[in-house]
Amino acid sequence: MKQPKNTYLKRNQWWKYAVSLLIICIYLLPLYAVVVMSFKAPTDLSPRLSLPQTPYWGSFQKAIENVSILSALKNSALITIGVVFIEVFAGCLAAYPLARNRTRTNKAIMTVVLAIMMVPTLSIVTGVYTLLVSLKATSTYSGIIAVTAAFGLPLSIFLYRNFIAAIPQSLDEASAIDGASVFQTFYHVILPQLAPVTVSVIIMKGISAWNEFDFSLYVLQKPRMYNVTLCIKQFFSETFTDMNAAAAAALLGILPPIIAYLALCKVLWTARSRDKDGH
């Protein structure tokens, strides 16, 4: 007796789960190493990946006292919030006319947007730095936020444009028949439907802004303006012999985006549950 085709396919999908599990382990192994090392005492001579017998908090104290990690966390938070706000606000506004008016001009604009996405950051950092120096915007929140948001905006526009293009244009026409302006149509009809892509943009661009290093290395020259990546880089270079303290500094730097991501997922999951209950 032949097995049902669906059963045969399910039994032969094990390798996909195995590959997925392997990829997850590869990504989680460095995080595991950071967590383990940050809780080990400098006198602990056990293998680096083995769990400590007793948690040691001295590495965190050293990371906070020797490096301005708390100031760096504040700087990264302010920069990330500013970048995400600009990219969400400007991204959806710019994407709406590009999605609805498919003219040659808009197609040319989208070509330029895609071309900007392909430009390596390091290839233009010298020009960006020269421009910011002339504007006296180095080591300022406005300078790093403007630069990071400007070069991250094309991806936001691309994502919003594709999402809006999938929304039936008949909704816009019905709203126009009822006497709504273009802005009213966008605000009351289109914007409420952008929640899924907005969450994706917030996560992607928020993590990107938090981990930003290329522009920060040149733009943020004063130590008081260092973000998390520059602070951890400085700490690694200054205390290379104390890897436990360096790991503690790195862990303090990666915890905020993880917590923010989990909180955002919780809010999104709650909203979906309410929508299902409402229907």
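Miscellaneous remarks
- Considering the range 14-63, and only residues there that are among the polar types (S, T, N, Q) and surrounded by 10 or more Cβ atoms within 10 Å (Cβ to Cβ), the residue that is nearest to the chain's Cα centre (by Cα) turns out to be S20.
- Some residue of the range 259-277 being touching a Phe, Trp or Tyr at 6+ places or on another chain (Cβ under 6 Å), buried (at least 17 other Cβ atoms within 10 Å of the Cβ) and either in contact (Cβ under 8 Å) with a residue 12 or more places away in the chain or of a type in the set (G, A, S) (or both): no
- Members of the range 163-202 that are more than 18 Å from F89 (Cβ to Cβ), of a type outside the set (V, I, T) and surrounded by 13 or more Cβ atoms within 10 Å (Cβ to Cβ): A165, L171, D172, A174, S175, A176, A180
- The range 116-146, residues that are more than 22 Å from T80 (Cβ to Cβ) and not in a loop (DSSP other than H, G, I, E, B): S123, T126, G127, T130, L131, V133, S134
- Residues of the range 65-84 that are free of Cβ contacts under 8 Å to residues at least 12 places away in the same chain and either surrounded by 14 or more Cβ atoms within 10 Å (Cβ to Cβ) or of a type in the set (V, I, T) (or both): I81 alone.
- When R102 is tested against (1) in contact (Cβ under 8 Å) with a residue 12 or more places away in the chain; (2) not in a helix (DSSP H, G or I), just one condition goes unmet, and that condition is (1).
No lab work stands behind these numbers, since they all come straight from the coordinates. A quick note: this is a predicted structure, and the numbers were derived from the prediction, not measured. Neighbour counts are summed over all protein chains in view; Cβ atoms, including those assigned to glycine, are modelled from backbone coordinates with ideal geometry.
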